[in-house]
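The block underneath contains the structure these notes are about, expressed in structure tokens.
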Amino acid sequence: MCSRYSLIFMKTYILEREQIIPLPKSKTFAFFGDAINLERITPPILRFRVLSEPDIEMQTGALLDYKLRLFGIGFRWQTLIERWSPDDGFVDTQLTGPYNLWHHTHTFEEIAPDQTLMRDRVLYRLPYGIFGRLAHRLLVKRILKQIFDYRAAVVAKLLTPENPELEAITKPQGKGATSAKRLHPKLRSEVL
């Protein structure tokens, strides 16, 4: 738990991105709604791996586990799908991982029959008070920019009608794959 003193020195940062995808919203959402695709759009240097079952059904309350490496240091990351709405977007929140706060809102807006405006809004906070703020200024802000720049470039290559793998990577997920144990405990009773 954070002390009142350390909260004074913790700052919440905002990262926002937009990208136009030349596909219908349903295909765009299907790609981003499949956690395994995170491995495709994350820079290889991070050695990002999804640890959760590949056939997990995404829904409100789903828990996803990942691992990654940064500067030779391994991190485990667990995400809660806080909101899941295939009509307009989803929100994932870090439960455990390197940040004190990571709240990522993904929205999808159809701007033409075959064009989707994808928006990302991340609220994040680093640990270690004033040292976290210094790390943000010197390193973290730049690293996050590089990660999201890489992601945008890969998405631009993958999510085009010309990609021969497009149908395979934008298939909607099957139903019933999520077991109750992979849901947040507060939401398990609603499923059972």
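The values are calculated or read from the model by the stated rules, or taken from the named source; none is laboratory data. Since we're looking at a predicted model, the values are computed, not measured. Cβ atoms come from the backbone with ideal geometry, glycine included; neighbour counts cover every protein chain shown.
For LYS27, the conditions (1) in contact with a Ser or Thr (Cβ under 6 Å, 6 or more places away or on another chain); (2) more than 18 Å from VAL154 (Cα to Cα) all hold with the exception of (2). Of the residues making up the stretch 67-93, just one is assigned to a loop (DSSP other than H, G, I, E, B) and either of a type in the set (Lys, Arg) or in contact (Cβ under 8 Å) with a residue 40 or more places away in the chain (or both), namely PRO86.
Looking at GLY33, GLY97, GLY61, just one residue is in contact (Cβ under 8 Å) with a residue 60 or more places away in the chain, on the phi > 0 side of the Ramachandran plot and among the small types (Gly, Ala, Ser), and that residue is GLY61.
The set of residues in the stretch 16-25 being crowded, with 16+ Cβ neighbours inside 10 Å and either under 14 Å from the mean Cα position of the chain (by Cα) or in a helix (DSSP H, G or I) (or both) consists of LYS25 alone. The single condition among (1) crowded, with 19+ Cβ neighbours inside 10 Å; (2) at pLDDT 95 or above that ASP34 does not satisfy is (2). Residues in the stretch 66-100 that are of a type in the set (Gly, Ala, Ser) and surrounded by fewer than 18 Cβ atoms within 10 Å (Cβ to Cβ): GLY72, GLY74, SER85, GLY97. On the given criteria, is PHE71 at pLDDT below 95, within 20 Å of LEU139 (Cα to Cα), in contact with a Gly (Cβ under 9 Å, 6 or more places away or on another chain) and of a type outside the set (Lys, Arg)? Against the criterion (at pLDDT below 95, within 20 Å of LEU139 (Cα to Cα), in contact with a Gly (Cβ under 9 Å, 6 or more places away or on another chain) and of a type outside the set (Lys, Arg)), PHE71 does not qualify.
The single condition among (1) closer than 20 Å to HIS106 by Cβ; (2) outside any loop (DSSP other than H, G, I, E, B); (3) small (Gly, Ala, Ser) that SER52 does not satisfy is (2). Within the stretch 111-132, being surrounded by fewer than 17 Cβ atoms within 10 Å (Cβ to Cβ) and charged (D, E, K, R) holds for ASP114, ARG119, ARG121. Counting only residues that are farther than 15 Å from LEU38 by Cβ, out of contact with any helix residue (DSSP H, G or I) (no Cβ under 7 Å at 6 or more places or on another chain) and assigned to a strand (DSSP E or B), the stretch 94-124 holds 15 of them. Within the stretch 104-134, the set of residues being touching a Gly at 6+ places or on another chain (Cβ under 9 Å) and among the hydroxyl-bearing types (Ser, Thr, Tyr) comprises THR105, THR107.
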